[in-house]
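Let me begin by presenting the structure, written as structure tokens, before commenting on it.
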Amino acid sequence: MIIGKGPCGEKIGYYELVEEQKVPDDMGTQTFVRWLIKEDDGAKAFAMRLFTIKPGGHINLHHHPWEHEIFVLEGVGEIRIGSRVYRVSQGFFIYVPPNVEHEYWNKGDKDLKFLCMIPLKPTVNSDEKIEC
Ligand code: MN
């Protein structure tokens with residue numbers, strides 16, 4: 001079984017078999033997401049998404065009352081977190097706290113791919129932006 005659900009509620013899959021959705025233009029450019037594990041799959045606490053930002057692509061500055069746990073799989077990018085910009089590539093991991101602004105760019109000539117985990121429910125009550 002390459003992709004599917006098992007008798008205990010497990011899900012086993014291969015990422016390329018998960019539909020790739022384009023991120024809407026008001027959220028970013030040249031960016032695609034695969035929801036590998038989500039609430040519909042029976043997940044109780046976290047969703048796992050695989051993002052692909054094409055060369056020159058960008059995810060717009062935004063914030064929200066939940067955190068991100070990110071792992072860079074391939075490519076070269078920059079991520080703004082609050083007032084700082086960090087350069088990242090394969091092997092880097094990033095924690096983005098709730099309500100802190102963040103923004104991503106592909107700075108290489110190949111796809112930038114990263115895993116981004118999110119909780120299924122907001123992790124803080126306020127959605128007020130944190131300046132840092
Ligand atoms: Mn975000």
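What follows draws every value from the coordinates through simple rules; no lab data is involved. What you see is a predicted model; the values in this text were computed from it and never measured. Don't worry about glycine lacking a Cβ; one is built from the backbone with ideal geometry, like all the others, and counts go over all protein chains shown.
If the requirement is being within 16 Å of the ligand (Cβ to nearest atom), among the charged types (D, E, K, R), surrounded by 13 or more Cβ atoms within 10 Å (Cβ to Cβ) and free of Cβ contacts under 8 Å to residues at least 40 places away in the same chain, which of these qualifies: Arg49, Arg80? Lay out the reasoning, then the answer.
Values: Arg49 fails: free of Cβ contacts under 8 Å to residues at least 40 places away in the same chain.
Criteria check complete, one pass: Arg80.
Quick one: which residue in Arg34, Arg80 is assigned to a strand (DSSP E or B) and more than 21 Å from Tyr14 (Cβ to Cβ)?
Every option except Arg80 fails the conditions.
Filter the range 63-77 down to the residues that are crowded, with 17+ Cβ neighbours inside 10 Å, within 11 Å of the ligand (Cβ to nearest atom) and of a type outside the set (A, V, I, L, M, F, W, C) and list them by number.
His63, His64, Glu67, His68
How do the pairs read when you match residues in the range 107-132 that are more than 15 Å from the ligand (Cβ to nearest atom) with residues anywhere that are among the basic types (Lys, Arg), using Cβ under 7 Å and keeping only pairs 6 or more apart or on different chains?
Within 7 Å, the pairs are Asp111/Lys54.
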